[in-house]
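The values are calculated or read from the model by the stated rules, or taken from the named source; none is laboratory data. The structure presented is a predicted model; accordingly, all values stated were derived computationally and were not measured. A quick note on method: Cβ atoms are made from the backbone with ideal geometry, for glycine too, and the neighbour counts reach across all protein chains shown. Surface areas here come from the heavy atoms of the whole protein model, side chains and all, with no ligands, DNA or RNA. Shrake-Rupley method; radii C 1.70, N 1.55, O 1.52, S 1.80 Å.
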Amino acid sequence: MSAHELTDKTIDPRYVQVRKKDAARIIGVSLAEFDLLRRTDENCPKGYKHGEGRNSPVTFRLSDIYRYSELRMSRAKVA
């Protein structure tokens, strides 16, 4: 598949990895709040570490982030 064929209809979020910054932005929180949610909310995706080092990049499956965002919205009260 060429890059020209990559669209929202051809990309499956189950196979897309996003970095922590993008995951936090998608669910509408700061990086600090996202780190707190990862530690305290058992439903928050923990991510996948690539490498053994302490500072190895962590990525998140886009479908997991979408699912968690939907859960947070369902928990929220109408403003």
Next on the checklist: Taking all protein chains in place and a 1.4 Å probe, what share, in percent, of the accessible surface of the range 21-74 do carbon and sulfur account for?
Outcome noted: 49
Next on the checklist: Cut-off 10 angstrom, C-alpha nodes, Gaussian network model of the chain. Which of Arg67, Arg54, Arg25 fluctuates the most?
Outcome noted: Arg54
Next on the checklist: List the lysines whose Cα sits under 27 Å from the Cα of Lys9, skipping any in the same chain fewer than 8 residues away.
Outcome noted: Lys20, Lys21, Lys46
Item to check | Cβ-defined net charge surrounding Ser63, 12 Å radius [Lys, Arg +1; Asp, Glu -1] | outcome: 0
Item to check | Around Lys46: net Lys/Arg minus Asp/Glu count, Cβ-Cβ under 12 Å | outcome: +1
Item to check | the chain shape via C-alpha gyration tensor axes, a/c threshold 1.5 | outcome: oblate
Next on the checklist: I need the phi-derived Karplus couplings for the range 65-70: 6.51 cos²θ - 1.76 cosθ + 1.60, θ = phi - 60°, integer Hz, Gly and Pro marked x.
Outcome noted: 5, 4, 4, 5, 4, 4
Checklist entry - Counting Lys and Arg as +1 and Asp and Glu as -1, what is the net charge of the other residues whose Cβ lies under 15 Å from the Cβ of Ala32? => result +2
Next on the checklist: Explain nothing, just the number: dipole magnitude of the chain about its Cα centre with +1 on each Lys and Arg Cβ and -1 on each Asp and Glu Cβ, in debye rounded to the nearest 20.
Outcome noted: 240
Checklist entry - In terms of modelled amide H atoms, which long-range or inter-chain residues lie less than 5 Å from the amide H of Val16? => result Leu62, Ser63
